[in-house]
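Scroll down for the structure; my scribbles are underneath it.
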Amino acid sequence: LLVRFCETDLMGIVHHANYLIYCEAARVDWLHKRGVSYESWVEHGVHLPVVRAKLDFKRAAQFDDRLRIETVMVQLSRASVRFVYRITRGDDAICEAETVLACVNDERRLRRLPADVAEVFQRPESA
């Protein structure tokens, strides 16, 4: 990921809100590497909104920095999934983050993760 100028604040560092966007992009990429399009789940009434987010900033990232985001699914329950992220620039840790996503239906009511969806979270990368 290459930091764009529009993602920085007046101090020239990445604005804190952008880290959640980076995590979302990394999570979608994580799913793609397992052969899944999030849109296919939405078509079947499976939605995964973020219900908790935690960010721990270690160093500032700046315009034109090349960042790497390591994404790991660490916990799967009947109706939620937890990811942790490690954002680095070279060997430097920039941010450690965590998100919890709940499984809800089209009416935004909590529902059990369907078996085929839960299976994806346990699947290794395919690409």
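What are the residue pairs meeting all of these: first residue in the stretch 93-119, first residue at pLDDT 95 or above, second residue surrounded by fewer than 18 Cβ atoms within 10 Å (Cβ to Cβ) and of a type in the set (Phe, Trp, Tyr), Cβ atoms under 6 Å, and 6 or more apart or on different chains?
Cys95/Phe57
Anything in the stretch 98-116 that is closer than 14 Å to Gln75 by Cα and either open to solvent by less than 20 Å² (accessible area, probe 1.4 Å) or assigned to a loop (DSSP other than H, G, I, E, B) (or both)? List them, or say none. Break it down into steps so the answer makes sense when it comes.
As a first pass, look at the stretch 98-116 and keep what is closer than 14 Å to Gln75 by Cα: 98-103, 113.
Of everything in the stretch 98-116, those that are closer than 14 Å to Gln75 by Cα and either open to solvent by less than 20 Å² (accessible area, probe 1.4 Å) or assigned to a loop (DSSP other than H, G, I, E, B) (or both) turn out to be Thr99, Leu101, Ala102, Cys103, Leu113.
Here is a yes/no grid of residues against (1) in contact with a helix residue (DSSP H, G or I) (Cβ under 9 Å, 6 or more places away or on another chain); (2) modelled with pLDDT of 95 or more:
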{"site": "Leu2", "(1), (2)": "no, yes"}
{"site": "Met11", "(1), (2)": "no, no"}
{"site": "Asn18", "(1), (2)": "yes, yes"}
{"site": "Ser37", "(1), (2)": "yes, no"}
{"site": "Trp41", "(1), (2)": "yes, no"}
{"site": "Gln62", "(1), (2)": "no, yes"}
{"site": "Ala79", "(1), (2)": "no, yes"}
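Pairs only if they're at least six apart or on different chains, beta carbon under 6 angstrom, first in the stretch 72-85 and more than 13 Å from Val120 (Cβ to Cβ), second open to solvent by 50 Å² or more (accessible area, probe 1.4 Å) and in a loop (DSSP other than H, G, I, E, B); list them, first residue then second.
What qualifies is Arg78/Arg112; Ala79/Arg112.
How many residues are under 16 Å from the mean Cα position of the chain (by Cα) and outside any loop (DSSP other than H, G, I, E, B) when one looks only at the stretch 1-43?
Count: 17.
Looking only at the stretch 25-39, count how many residues are without any contact (Cβ under 8 Å) to a residue 24 or more places away in the chain, surrounded by 12 or more Cβ atoms within 10 Å (Cβ to Cβ) and of a type outside the set (Phe, Trp, Tyr).
First pass over the stretch 25-39, keeping only residues without any contact (Cβ under 8 Å) to a residue 24 or more places away in the chain: 28, 37-39.
If we keep only those that are surrounded by 12 or more Cβ atoms within 10 Å (Cβ to Cβ) too, we end up with 28, 38.
Then keep just the ones that are of a type outside the set (Phe, Trp, Tyr); that gives 28.
Selection size over the stretch 25-39: 1.
For the stretch 1-28, give me each residue that is closer than 26 Å to Leu110 by Cβ and of a type in the set (D, E, K, R).
Scanning the stretch 1-28 gives Glu24, Arg27.
Within the stretch 44-63, track down each residue that is touching a Gly at 6+ places or on another chain (Cβ under 9 Å) and either among the aliphatic types (A, V, I, L, M) or assigned to a strand (DSSP E or B) (or both).
Residues of the stretch 44-63 touching a Gly at 6+ places or on another chain (Cβ under 9 Å): 60, 62-63.
The answer is Ala60, Gln62.
Out of all the residues in the stretch 56-71, which are of a type in the set (A, V, I, L, M, F, W, C), more than 24 Å from Phe121 (Cβ to Cβ) and open to solvent by 20 Å² or more (accessible area, probe 1.4 Å)? If you could, list the steps in order and put the result at the bottom.
First, the residues of the stretch 56-71 that are of a type in the set (A, V, I, L, M, F, W, C): 57, 60-61, 63, 67, 69.
Applying the additional criterion that residues be more than 24 Å from Phe121 (Cβ to Cβ) yields 57, 60-61, 63, 67.
Hits for the stretch 56-71 are Phe57, Ala60, Phe63.
Which members of the stretch 76-90 meet the condition of being of a type outside the set (Val, Ile, Thr) and touching a Cys at 6+ places or on another chain (Cβ under 7 Å)?
Listed by number, the residues that qualify are Ala79, Ser80, Tyr85.
Is there a residue being assigned to a loop (DSSP other than H, G, I, E, B), small (Gly, Ala, Ser) and touching a strand residue (DSSP E or B) at 6+ places or on another chain (Cβ under 7 Å) anywhere in the stretch 76-97? Step through it out loud before you land on a result.
From the stretch 76-97, those assigned to a loop (DSSP other than H, G, I, E, B) are 77-79, 90-91; that's our starting set.
Filter again for small (Gly, Ala, Ser), leaving 77, 79, 90.
Subsequent filtering for residues that are touching a strand residue (DSSP E or B) at 6+ places or on another chain (Cβ under 7 Å) retains 79.
Within the stretch 76-97 (the criterion being assigned to a loop (DSSP other than H, G, I, E, B), small (Gly, Ala, Ser) and touching a strand residue (DSSP E or B) at 6+ places or on another chain (Cβ under 7 Å)), the answer is yes, since at least one residue qualifies.
The values are calculated or read from the model by the stated rules, or taken from the named source; none is laboratory data. Values in this document were obtained by computation on a predicted structure and should not be read as measured data. Positions of Cβ are backbone-derived with ideal geometry, glycine not excepted, and every protein chain shown enters the neighbour counts. We work out accessible area using only protein heavy atoms, side chains counted, and drop any ligands, DNA or RNA first. Shrake-Rupley method; radii C 1.70, N 1.55, O 1.52, S 1.80 Å.
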